Amino acid sequence: MALMSDKNIARGSEQLIEIEEGISILSVKNDSDYEECITHQISADFIQFHFCVKGEIKFNFNEGRYALNIKEDSSLLLYNPERDLPLNLESSSNSWSVSILISIKKLHTLFSAEANYIDFLTEDNRDKKFYKEVMVSPAMAVILSQILNFNLHPSVRKIYLKGKVYELIGLYFNRPAEADIEQCPFLDDEDNVKKIKLAKSIILQRMTEPPTLQELADEVGLSLKKLKEGFKEIYGDTVFSFLFDYKMDYARKLLEKGQHNVNEVGLSIGYSTASHFIAAFKKKFGTTPKKYIQG
């Protein structure tokens with residue numbers, strides 16, 4: 001067991017669920033005006049993935065002698081095979097977070113054929129401490145929101161969450177930009193990488209009226225083929241699928257702030273009619289914007 005206490009608990013804004021042996025989810029939705037502290041004993045056999053979805057969370061280590069802040073849209077991976085890493089998490093007011101606790105044994109079974117692709121699963125690093133902070137991608141943000149906001153019958157809750165955890169872990173480790181650059185000789189050219197990153201900036205800046213793929217390729221100075229292949233290699237997705245995820249996550253955050261109605265949010269990301277925005281939102285999150293706001 002990851003947690004040296006109850007398998008499944010729900011206290012206030014905190015919910016802990018063991019979805020199968022070796023995998024647990026801890027979700028925290030602190031909508032109060034006060035800071036909340038969550039503590040759990042977690043054994044050294046487990047890797048901890050912590051995602052800050054909204055607001056800010058803080059981790060205390062060594063009985064409070066050391067602290068680490070994780071801001072919105074950031075994540076923290078922790079692993080220490082030499083000693084237990086008790087969870088001492090402070091959730092700021094109006095903060096949401098998701099933690100995935102997975103045993104190293106379970107993770108090895110998921111990546112047995114590709115263990116060398118993941119730094120801390122390699123033979124050289126297997127017995128070493130591992131710590132990593134990475135930004136949450138738009139696709140990951142969508143899944144985290146689904147984990148926090150699902151509304152399903154208890155009989156299917158665990159299988160739904162299991163699927164989401166596997167999907168989230170897959171996306172977490174799908175970081176082609178950090179993989180061996182020799183896999184894609186085109187990206188060995190720093191100028192090409194800059195052009196791909198410029199393309200991403202352009203579509204995000206003009207998300208309400210994005211250029212066509214050909215227009216985008218012409219603007220950054222790449223062939224259409226090179227743009228599509230390079231973008232997929234660096235960001236793990238097609239140009240417009242990446243943009244769709246970004247727009248939906250942007251819309252989700254606007255809805256949560258409660259300062260705009262559904263039509264205004266849809267217009268802000270380029271949907272001229274509310275019905276088209278509602279359909280797109282439901283496709284991504286499995287619920288309508290109105291129901292999402294109502295929680």
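Quick check on the stretch 260-295: of everything there that is within 18 Å of ASN151 (Cα to Cα) and in a loop (DSSP other than H, G, I, E, B), which residue is modelled with the lowest pLDDT? Once the filter is applied, the top-ranked residue is GLY295.
Residues in the stretch 48-56 include none that are under 22 Å from the mean Cα position of the chain (by Cα), modelled with pLDDT under 90 and among the aromatic types (Phe, Trp, Tyr). Among the conditions (1) loosely packed, with under 14 Cβ neighbours inside 10 Å; (2) closer than 27 Å to THR287 by Cβ; (3) over 19 Å from the mean Cα position of the chain (by Cα), the only one that LYS225 does not satisfy is (2).
Residue-by-condition table, conditions (1) part of a helix (DSSP H, G or I); (2) crowded, with 20+ Cβ neighbours inside 10 Å; (3) in contact (Cβ under 8 Å) with a residue 12 or more places away in the chain:
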{"residue": "LEU77", "(1), (2), (3)": "no, no, yes"}
{"residue": "ASP84", "(1), (2), (3)": "no, no, yes"}
{"residue": "LEU89", "(1), (2), (3)": "no, yes, yes"}
{"residue": "SER93", "(1), (2), (3)": "no, no, yes"}
{"residue": "SER97", "(1), (2), (3)": "no, yes, yes"}
{"residue": "LEU101", "(1), (2), (3)": "no, yes, yes"}
{"residue": "LYS105", "(1), (2), (3)": "yes, no, yes"}
{"residue": "HIS108", "(1), (2), (3)": "yes, no, yes"}
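When the stretch 239-259 is filtered for residues that are small (Gly, Ala, Ser), in a helix (DSSP H, G or I) and over 15 Å from THR288 (Cβ atoms), only SER241 remains.
If you go through the stretch 20-32 one residue at a time, do you hit one that is farther than 20 Å from TYR160 by Cα, modelled with pLDDT of 85 or more, in contact with an Asp or Glu (Cβ under 6 Å, 6 or more places away or on another chain) and not small (Gly, Ala, Ser)? The answer is yes; a qualifying residue exists.
Contact annotation: residue pairs with Cβ atoms under 6 Å, 6 or more positions apart or on different chains, pairing a residue in the stretch 274-291 that is among the aromatic types (Phe, Trp, Tyr) with a partner that is outside any helix (DSSP H, G or I), are PHE277/TYR271. Identification of strands (runs of 3 or more DSSP E) wholly contained in the stretch 22-74 with 1 or more residues that are surrounded by fewer than 14 Cβ atoms within 10 Å (Cβ to Cβ) and in contact (Cβ under 8 Å) with a residue 12 or more places away in the chain yields 36-40, 56-61, 66-71.
The values are calculated or read from the model by the stated rules, or taken from the named source; none is laboratory data. This is a predicted model, so every value here is computed, not measured. Reconstructed Cβ throughout: ideal geometry from the backbone, glycine too, with neighbour counts over all protein chains shown.
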